[in-house]
Amino acid sequence: MIPAIVVFVYLATVLYIGIFAFRKAKGREKAEDYFLASRSLGPFVFLFSLFGTNMTAFAILGSSGHAFTNGIVTFGLMASSSGLVIPLTIFLIGTRVWALGKKYGFMTPVQMFRDRWECGHIGTVIFIVQAVLLVPYIIIGIMGGGTTLNAISGGLVPYWFGGAIVAMVVMSYVFFGGMRGTAWVNTFQTILFLLFGAVALVVIGVGMGGFRSAAQALQSSPALAPLLTRERISPLYFFSYTFIPLSAIAFPHILIFCLTARKMNQFKKTVIFYPLCILAIWLPCVFLGVMANRVSDVPQIRAKQEARRVLAAQGKTMSPEARDDLREKAAGDDVILLLLQRYAPFWLAGLLGAGIMAAVMASDSQILALSTMFTEDVFAFYGGKRRFGEAVQVQTGRIFIVIITLFAYAIALRAPETIFELAIQYAFSGFAALSPLLVAALFWKGSTKWGALAVTVWTALAVIAVALFQHLVPAPAPGPPTIFWALGGTEVVSRTPGGTAVLGFMPVVPMVIVSALLMIVISRITPKPKATTLAKYF
């Protein structure tokens with residue numbers, strides 16, 4: 001329990017930071033102060049909080065788990081493309097959203113869309129779709145917290161209890177501290193993980209006998225050598241991942257964080273240092289996930305390796321239920337924690353576990369973003385702020401934080417997918433498909449509210465279709481995908497072991513392309529906003 005106790009001390013520290021932020025803002029129950037920290041974040045806090053809010057359990061546990069199964073290609077799939085696409089979109093879109101928010105007082109993306117396209121209820125539809133797509137991201141934070149405490153304590157802390165503790169801590173400091181507390185906590189957590197992540201890499205590497213020997217052992221094994229190549233991922237699937245980082249700037253919590261900067265020039269350092277931070281976090285996580293395949297003295301990892309071997313050898317003859325059970329046993333979301341438990345001293349394992357927990361708990365920003373959107377885009381828009389005042393608006397946001405956290409926790413207890421799959425297939429793909437909304441609103445005079453509605457409805461239907469398809473069609477055994485629909489000898493829709501393929505691509509590719517086409521076609525045949533409105537933006 002020593003590592004778990006250290007993590008609990010860390011959680012208490014984080015909770016105190018949130019309460020301290022609340023005390024600093026006490027007596028100023030203003031919506032802009034609670035939800036945007038009065039647009040006053042300095043360059044250091046802005047950089048680390050913006051980066052920290054995007055590095056959740058997906059980046060730590062999800063990436064190492066995916067690398068455990070698929071190999072070093074995981075870094076190429078997400079880290080390399082994210083290091084290019086995310087800073088570029090922050091530079092092109094984030095700065096423009098910041099300027100418009102500063103000038104016109106916008107606090108959420110939907111407020112900007114409503115003003116830009118002169119739409120009311122269509123903005124509510126956009127809010128609903130954004131809110132639903134953001135919930136999976138909150139869920140993986142709770143899943144990551146439960147997984148971390150369970151693994152770091154050697155199973156003494158149950159998954160359900162660990163998830164509940166993390167959900168309560170996050171809910172509490174977001175409830176009290178608002179954006180100021182969330183930004184301070186994210187900054188603290190990002191620094192903590194960047195420091196401890198490097199230590200974990202060295203400690204575990206030395207404990208395993210050195211990375212050179214581990215990599216050479218992998219290379220000399222016919223069964224494991226493919227983990228050092230791109231063999232397990234097809235070229236079309238690999239290309240599909242370049243669309244995933246488009247989701248980052250479309251995430252409401254990222255855009256809302258862009259509104260908190262004190263000055264425009266703060267974006268310069270963010271664009272420069274963001275790729276370096278991605279490298280610092282993703283490289284050790286992916287590398288340790290791959291190297292875990294050479295570990296033979298950790299029973300839990302051996303059990304995962306054995307489950308994977310059985311699945312590869314007998315998966316085709318098994319029932320779908322048996323295959324799903326084996327996949328769950330072979331999942332690697334906790335391998336980096338198991339390595340930590342095996343190769344680090346108890347006291348150091350606790351400190352490093354706290355560092356991992358720091359990144360895992362970044363769901364705070366998503367929870368606050370949903371609260372901000374609800375109070376501004378629904379409560380205030382439909383007259384609540386005018387009738388009851390700003391203080392009630394803030395209290396409504398706090399109540400919403402409690403409700404959404406409890407809802408996400410209930411789903412996290414039953415989520416069947418791994419952290420990586422849940423994030424990629426629903427949260428990331430959905431928001432990538434919504435990215436044409438921002439591009440059209442900020443850079444195309446001819447875009448209309450009807451084009452925006454078409455994109456939003458299409459995104460919702462596409463995500464629902466993928467979810468239903470994967471629920472109704474069981475995932476096949478490792479190997480060739482199951483062809484669901486073919487046309488003229490071409491595989492149109494297939495069920496893969498890890499999800500769905502459309503013409504060989506991940507669903508995110510057709511989703512983004514169709515969204516862009518719908519925006520163009522529908523906007524060309526529908527009325528444009530007034531000239532006075534366009535003059536505000538162009």
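Hey, fewest Cβ within 10 Å first, where do D333, D33 land in order?
D33, D333
Taking 8 Å as the Cα distance limit and 6 or more residues as the minimum spacing, I'd like the relative contact order of the chain as a percentage.
The normalised contact order for the chain reaches 29 percent.
If every alpha-carbon in the stretch 298-344 counts as one equal scatterer, what log10 I(q)/I(0) does Debye give at q = 0.15, 0.17, 0.22, 0.32 1/Å?
Here the Debye-derived log intensity ratios amount to -0.41, -0.50, -0.71, -1.12.
Which order do peptides 147-157, 479-489 fall in by mean Cβ count within 10 Å, highest first?
Result, highest mean first: 147-157, 479-489.
If the limit is 25 Å between Cα atoms, which of K263/K449; K103/K445; K103/K269 go over it?
As for pairs spanning more than 25 Å Cα to Cα, those are K263/K449.
Given T190, G207, F106, which one lies farthest toward the positive end of the charge dipole of the stretch 86-222, if we put +1 on the Cβ of every Lys and Arg and -1 on the Cβ of every Asp and Glu?
Of the options given, the answer is F106.
Given contacts defined as C-alpha pairs under 8 Å and at least six residues apart, what's the relative contact order of the stretch 373-491, whole-number percent?
This gives 15 percent for the stretch 373-491.
Could you sort 87-93, 288-294, 454-460 so that the peptide with the highest average Cβ count within 10 Å comes first and the rest follow in order?
Going from most to least packed, we get 288-294, 454-460, 87-93.
Restricting things to alpha carbons, tell me how big the stretch 39-146 is in terms of Rg and Dmax, in Å.
Taking only Cα atoms of the stretch 39-146, I get Rg and Dmax of 17.1, 49 Å.
In what sequence, highest mean first, do 73-86, 246-259, 385-398 appear when ranked by Cβ atoms within 10 angstrom?
Those peptides, ordered most packed to least, come out 246-259, 73-86, 385-398.
Treat the count of other C-beta atoms within 10 Å as a stand-in for reagent exposure and order M373, M107, M168, M511 from fewest to most.
M168, M107, M511, M373
With a bin width of 10 angstrom, please list the P(r) values of the stretch 362-486 as percents of all Cα-Cα pairs, from the 0 bin to the one holding the largest distance.
Bins of 10 Å from zero give 10, 26, 33, 23, 6, 2, 0 percent of pairs.
Do you know the relative contact order of the stretch 455-510, to the nearest whole percent, from alpha carbon pairs under 8 angstrom that are 6+ apart?
25 percent
Need the full-extension length gain, L224 to F161, defined as separation in residues times 0.36 nm minus the C-alpha distance. One decimal, nm.
Taking L224 through F161 to full extension adds about 19.1 nm, to one decimal.
Just want the ordering: T108, T182, T270, from fewest to most Cβ atoms lying within 10 Å of their own Cβ.
Ordered from fewest to most neighbouring Cβ atoms within 10 Å, T108, T182, T270 come out as T270, T108, T182.
How much of the calculated P(r) for the chain lies past 31 Å, in percent of all Cα pairs?
Looking at the chain, the distances longer than 31 Å represent 45 percent of pairs.
Using 0.36 nm per residue of separation minus the Cα-Cα distance, give me the extension gain between A535 and V457 in nm, one decimal.
25.3 nm
In whole angstrom, note down how far apart the Cα centers of the stretch 459-524 and the stretch 201-216 are.
About 40 Å separates the Cα centre of the stretch 459-524 from the one of the stretch 201-216.
Within straight cross-link reach of K316, meaning Cα distance under 17 Å, which aspartates and glutamates are found once same-chain residues fewer than 8 apart are removed?
E306, D324, D325, E328
Readers should treat all values here as calculations from the given coordinates under stated rules, not as data from a laboratory. Treat the numbers as computed from the prediction; the structure is a model and nothing was measured. Neighbour counts run over all protein chains shown; Cβ positions are idealised from the backbone, glycine included.
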